[in-house]
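The values are calculated or read from the model by the stated rules, or taken from the named source; none is laboratory data. The model shown is predicted, which means the values in this text are computed figures rather than measured ones. We place every Cβ from the backbone using ideal geometry, glycine too, and count neighbours over all the protein chains shown. Each accessible area value is taken on the protein alone, full model and side chains, heavy atoms only, with ligands, DNA and RNA left out. Shrake-Rupley method; radii C 1.70, N 1.55, O 1.52, S 1.80 Å.
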Amino acid sequence: MKVAQEILNLVPYKPGKPIGETQREYGLTKVYKLASNENPIGPSPKAIAAMTEALSSLHLYPDPACYDLTKELSKQWQIEPSWLTFGNGSNELIDLLIRIYCQPGDHILTTQAAFIAYQICAQAARVRTEHVPLKSNYQMDLKAISEKLKKSSCPLVFIPNPNNPTGTYVGQKEVEDFLSEHGNREDVLIIFDEAYNEFVRASDYTSALPYVTKYSNVCVMRTFSKVYGLAGMRIGVLIARPEVNDLVNRVRNPFNVNTLAQVAALATLQDKEYLKRSSEVVWQGLDYFYEQLKLLKLDYVPSQANFVFFDLKQPAQKIYQKLLERGVIMRPVANYGFPNHMRLSVGLMSENQVAMASLSEALKE
Ligand SMILES: *Cc1c(COP(=O)(O)O)cnc(C)c1O
């Protein structure tokens, strides 16, 4: 059978090393996984209760329109229901947008070190990814992306704000300058991926949500995998004008978001206490990491997300192995072009302490 070269060249997404696998390989009972930016406090108890209750109706297909969830989110975010579409994680939404808007041979535009899912989904659709270099300090260069777009066109621009794995962001002024230049263009759709929106503490950050109604070519993606603590349920949402959502609804699988994901997301949206705690745990954890990394004399990048990206000044793979032996899973980021950096997700404070103590030992060994 003939298979396209782009498919043959695909390298599968490399997730954080699973806990079970690490236990088996290293003969460990206790393993700390701080490698996948998951919510360390577990799902909301309200989500668990809602899912438990929904178990007895699992012989039925899910609601293809996510009616209740759409209604609640529409109310909370003050957005018309027709502007919301849910996906099997935001990853599916990325895939759908590329399939809808790109032709084989096209390219998408994003920043260097962008979340790698854009490139993987693009390549699967025989679409190239152009990466615009970062500024110093790992900051995204929205101005350079803008200059590039002035000279050329491409169907999709992905702006991860904040970005993974660097944890950096672009501020309100940069976003507004960018949109005053490219907002309302008919040849470019601009997608802000705001998976970490709720963790941002920078005062000059803005979500792009208000620009979705202001400009005809702006969309926002959010996920239930991070602050909402539902990574295992696979659910994300696209906020876009109805014309865009209409296309997504034609292409997506009818039952792409399962019943448990829908009820869990709805229950978590209503659990304000849980959401508040989720962010607070992350902020305390980050501050602790900063303090400890300073003591270890390691340079880190201040993060607006639920992880920190830091420079080991030596190949990260070696330290990664030594950490695994100690039952701590972190995330090397050589696949993003940073062989000496590590990404560490915030866990519970007890887990953060083990992670830092193990890192300190691994560096001395
Ligand atoms: C974690 C993450 C997502 C979420 O992906 P899901 O498929 O919804 O789990 C999206 N974008 C970025 C940049 C992320 O880091």
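In the set (1) under 17 Å from residue 279 (Cα atoms); (2) buried (at least 24 other Cβ atoms within 10 Å of the Cβ), residue 191 fails one condition alone, (1). In the stretch 267-283, the condition of being touching a strand residue (DSSP E or B) at 6+ places or on another chain (Cβ under 8 Å) and of a type outside the set (Phe, Trp, Tyr) is met by no residue.
Considering 274, 211, the condition of being away from the ligand (no atom under 15 Å from the Cβ), closer than 19 Å to residue 184 by Cα and open to solvent by less than 30 Å² (accessible area, probe 1.4 Å) is satisfied by 211 alone.
On the stretch given as the stretch 222-243, residues that are over 21 Å from residue 63 (Cβ atoms) and either within 9 Å of the ligand (Cβ to nearest atom) or open to solvent by 10 Å² or more (accessible area, probe 1.4 Å) (or both) total 5. Considering each residue of the stretch 23-37 in turn, at least one proves to be among the acidic types (Asp, Glu) and within 29 Å of residue 307 (Cβ to Cβ). Among residues of the stretch 89-104 being out of contact with any strand residue (DSSP E or B) (no Cβ under 8 Å at 6 or more places or on another chain) and not aliphatic (A, V, I, L, M), the one that is nearest to the ligand (Cβ to nearest atom) is 95. When residues in the stretch 170-190 are screened for being more than 17 Å from residue 133 (Cβ to Cβ) and within 21 Å of the chain's Cα centre (by Cα), 5 of them pass.
Can you go through 153, 180, 203, 216 and tell me which one is in contact with an Asp or Glu (Cβ under 6 Å, 6 or more places away or on another chain) and either open to solvent by 40 Å² or more (accessible area, probe 1.4 Å) or more than 14 Å from the ligand (Cβ to nearest atom) (or both)? Please lay out each step first, then the result.
Values: 180 fails: in contact with an Asp or Glu (Cβ under 6 Å, 6 or more places away or on another chain); 203 fails: in contact with an Asp or Glu (Cβ under 6 Å, 6 or more places away or on another chain); 216 fails: in contact with an Asp or Glu (Cβ under 6 Å, 6 or more places away or on another chain).
Exactly one of 153, 180, 203, 216 is in contact with an Asp or Glu (Cβ under 6 Å, 6 or more places away or on another chain) and either open to solvent by 40 Å² or more (accessible area, probe 1.4 Å) or more than 14 Å from the ligand (Cβ to nearest atom) (or both), namely 153.
In summary, residue 254 fulfils each of the numbered conditions (1) open to solvent by 40 Å² or more (accessible area, probe 1.4 Å); (2) within 16 Å of the ligand (Cβ to nearest atom) with the single exception of condition (2). For the stretch 196-234, a residue qualifies if it is in contact with a strand residue (DSSP E or B) (Cβ under 6 Å, 6 or more places away or on another chain) and either of a type in the set (A, V, I, L, M) or without any contact (Cβ under 8 Å) to a residue 40 or more places away in the chain (or both), and the qualifying residues are 208, 209, 211, 212, 217, 218, 220, 221. Exactly one residue out of 46, 75, 71 is in contact (Cβ under 8 Å) with a residue 40 or more places away in the chain, among the basic types (Lys, Arg) and surrounded by 11 or more Cβ atoms within 10 Å (Cβ to Cβ): that is 46. For the stretch 277-292, a residue qualifies if it is small (Gly, Ala, Ser) and crowded, with 19+ Cβ neighbours inside 10 Å, and the qualifying residues are 278, 285.
At pLDDT 95 or above and part of a helix (DSSP H, G or I) - does that describe any residue in the stretch 298-307?
Keep residues of the stretch 298-307 that are at pLDDT 95 or above, which gives 298-307.
Among the residues that remain, those that are also part of a helix (DSSP H, G or I) are: none.
So far as the stretch 298-307 goes, no, none of its residues is at pLDDT 95 or above and part of a helix (DSSP H, G or I).
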